[in-house]
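The values are calculated or read from the model by the stated rules, or taken from the named source; none is laboratory data. Model, not experiment: these values are computed from the prediction. In this analysis, Cβ positions are derived from the backbone assuming ideal geometry, glycine residues included, and neighbour counts consider all displayed protein chains. In case anyone asks, the SASA skips ligands and DNA or RNA and just uses the protein heavy atoms, side chains included. Shrake-Rupley method; radii C 1.70, N 1.55, O 1.52, S 1.80 Å.
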Amino acid sequence: MPSATASPTQTKRGSSNPFIAFCQSSIGKKIIVGVTGVYLIVFITGHLLGNLEIYLGQDHVNAYAQFLQGLGPILWLERAILIAAVVIHIVVTIQLAAENRAARPQKYAHYNYQAAKPSSRTMIYSGLLVLCFVIYHLLQFTFMTTNPEYRHLEDHLHRHDVYRMMILGFQQPIISLFYAAAIFFLAAHLSHGFSSVVQTLGINNQKVSGFVSNGGRWFSWLIFAGYVSIPVSILIGLIK
Ligand code: HEM
């Protein structure tokens, strides 16, 4: 009979391989979610810094895009790691959520729901919304499936005109609104992710935990402001 009282830290199928045993343990899974999360944050920050070049003008953006394309195998390696990080982050998070639900005593179920912060309850939903956004975003700007006309945009140096592509995209209020909403959910997801790290690592020192939680919150909303500034600047005609 399966044990209903099994601790979440208990490994279900004990493995003699220490690495597999680590990946199957609850703490190992939390660390995997954290490490993949950190990788995704590094990508999101780097991507924002690259996108902010839009304020430096068409030439900077197009040169940067051409530089990235020119990286060839390195770009594909980065893309492969990125896809792996996203998949692992999602799969392991779902496993942890299922384990926690199974291990939670029935009588505390209602109490836990009450005590959990809204951001905690909606963590999975905000993550899934961000994933849907990224799929649309790739179809729009990377594969250009939603807007095949973007494929023919070229600047005076015959480079792909990524700058014009962004302007055309965000001049549509509905697209800009969709991006702003998605980036809001991304910031909420990141902000809560930092608080979770404090819990996972069991940081009891109030100064350190406050620094990580508050710093994470500031960082997340700074990311929000940076990304959202782009569609807003285009919509109000600051960048054209
Ligand atoms: C205002 C917000 C954003 C703008 C203007 C923007 C712009 C772009 C552009 C122009 C590309 C295509 C680059 C190229 O092929 O030359 C791109 C790719 C991409 N973007 Fe964004 N992006 C934004 C937000 C985001 C966010 C919030 C995420 C993640 C949560 C994201 C994830 C990606 C990914 C994964 C790619 C594919 C990268 C690759 O092909 O290697 N973007 N973005």
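Points worth noting:
- GNM flexibility winner over the chain from Gly127, Gly169, Gly70 (Cα, springs under 10 Å): Gly70
- Using a Förster distance of 22 Å, the FRET efficiency for Ile20-Gln95 (Cβ separation, nearest 0.05): 0.95
- Working from label points 7 Å from Cα in the Cα-to-Cβ sense, the Cys132 to Arg217 distance is 2.8 nm.
- Translational diffusion coefficient (Stokes-Einstein; Kirkwood radius from C-alpha pairs) of segment 18-235 at 20 °C, 1.002 mPa s, in µm²/s: 110 µm²/s
- With every protein chain in place and a 1.4 angstrom probe, the accessible-area ranking of Cys23, Cys132, largest first, reads Cys132, Cys23.
- Mean residue ellipticity (222 nm) of the chain, computed from DSSP H runs ≥ 4 via -39,500 (n - 2.57), nearest 500: -23500 deg cm²/dmol
- The eigenvalues of the Cα gyration tensor, multiplied by 5 and square-rooted, give segment 11-65 an equivalent ellipsoid with semi-axes of 42, 9, 5 Å from largest to smallest.
- Surface share of carbon and sulfur [accessible, 1.4 angstrom probe, percent] for the chain: 70 percent
- The alpha carbons of segment 184-238 stretch over 48, 18, 8 Å along the principal axes, in descending order.
- Lys240-Trp76 pseudo-label distance in nm [points 7 Å out on the Cα-to-Cβ vector]: 4.2 nm
- Listed residues Gln171, Gln58, Gln206, most fluctuating in the chain (Gaussian network, C-alpha, under 10 Å): Gln206
- Springs join every pair of Cα atoms under 10 Å in this Gaussian network model of the chain, and among Asn51, Asn147, Asn62 the largest mean-square fluctuation is at Asn147.
- Each of Glu149, Glu78 has its accessible area taken with a 1.4 Å probe; listed largest first, they run Glu149, Glu78.
- Across the chain, the mean sequence separation of Cα contacts (distance under 8 Å, 6 or more residues apart), normalised by length, yields a relative contact order of 22 percent.
- Working from Cα pairs under 8 Å separated by at least six residues, relative contact order for segment 145-215 is 16 percent.
- Compared with the alpha-carbon gap, the fully stretched path from Ile174 to Glu149 is longer by 7.1 nm at 0.36 nm per residue.
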